[in-house]
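A short worksheet on the structure shown next.
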Amino acid sequence: MKVYNLACPLDHRFEGWFASEEDCLAQQDKGMLACPVCDSTEITRMPSAPHIGKSSSTELAVSKPEPSNPSGDVVALTGNDHSNLEAQVQAAFLKGMRELMGRSEDVGDSFADEARKIHYKESPERSIRGQTTLDEAESLREEGIEVLAMPMLPAFKNTLQ
């Protein structure tokens, strides 16, 4: 199994797992490799080094709740190497989006109508996602219906792997 660090022209970085280097090149030639964030098929392999397990001065730590910080949601990096921070944030975002997509029903363009039906108990209560206009989203908020606007990245239109 070959694991390559890949990037698109917008510098979105991600990993690709392949049976061999030839498999990677074949998929790239056929346009099968695409950025999971922007869907670009202009993918380049980034330099990578073999993984050697050793202790490092760079650690990701989650603080424990303290009286002055009851939520305990602080994440801190220590050490001088912060180059992985962007990759960690991107990975966390993608993980959260995968979870959101898996726990909600796509109702497409009928989002506003379905949200109203749920709010007024005309449809079963559930998490939904879909598309609507900014004016319609504001109208839903004025009716007391909670709406969260999110960008729909091309990669999230299909199953994420």
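Within the same chain, aspartates and glutamates fewer than 8 places from residue 30 are excluded, and of the rest, those with a Cα less than 16 Å from its Cα are 21, 22, 39, 42.
Remark: the stretch 2-46 projects, on average over all directions, an area of 2.6 nm² (convex hull of Cα atoms). Extension gain for residue 40-residue 23 works out to 4.2 nm (0.36 nm per residue, less the C-alpha to C-alpha distance).
Throughout, read-outs are computed from the coordinates displayed, never taken from laboratory work. Every value quoted in this text rests on a predicted model; they were computed, and no experiment measured them.
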